[in-house]
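Here the structure is laid out as structure tokens; the discussion comes afterwards.
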Amino acid sequence: MKRPATSGANDRNARVERLRASRAKDSEAKTRRALHAVDSLLRSRRRITVTQVARDAAVSTWFIYNQPQVHQAVQDGISAQREHVRQEFPVPEARQVSSAGLRTDLALAREEIKDLKRERDRLRNRVRLSLGAELDEVNRNELIERVQQLEQRNTALSQELSEAKVRNAALESQLSEAEDDLTAARVSLRRAMRAVPSP
């Protein structure tokens, strides 16, 4: 006997509602874990990054970027850590920058660029794999919203990458200047030592 069409539609609607309820519950649990991870990193003074929060909370970086409450908590935590460092280690006005310090900053900037590129590639791959599977369960409005979120995140990653490249270029310039200054100082020191009369 053929089942009525309305029965099939009701079954599908019930499955969709169960799926949505399950996703909402899962999202709440992930949100709690992520917020707890941010709080733990702050208290332990470990560096807060999206990747570290995702690792500690056992969630994806995609979830953090697309969950406004969690993303804001991560940004606030990063800002709080930066402010704490500024207060604890104020930078003197006439700071002497060493070549070694500049090289370290440059290496950190290059690592940050690599991390951003890897994160961008991971997000692209994740979207490529999961979007097709989710299409059947997502209505058109949700799909449009998801695409907009992904475009916004892509724009943000591109901007972060550009900023990191600018910082990298600035650090390379400072390193070059510091090395020139160091060379000039060594030459001056040699001349001064030659000019001292021997006893």
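A few points about this structure:
- Neighbours of VAL166 by Cβ distance under 15 Å: Lys/Arg scored +1, Asp/Glu scored -1, total -2.
- Solvent-accessible surface (1.4 angstrom probe) belonging to LYS114, in square angstrom, nearest 10: 100
The values are calculated or read from the model by the stated rules, or taken from the named source; none is laboratory data. Owing to the predicted nature of the structure, the values given are computational and were not obtained by experimental measurement. Ideal geometry is used to build each Cβ from the backbone, glycine not excepted, and the neighbour counts take in all protein chains shown. Note: accessible area is taken over every heavy atom of the protein model, side chains too, but ligands, DNA and RNA are not part of it. Shrake-Rupley method; radii C 1.70, N 1.55, O 1.52, S 1.80 Å.
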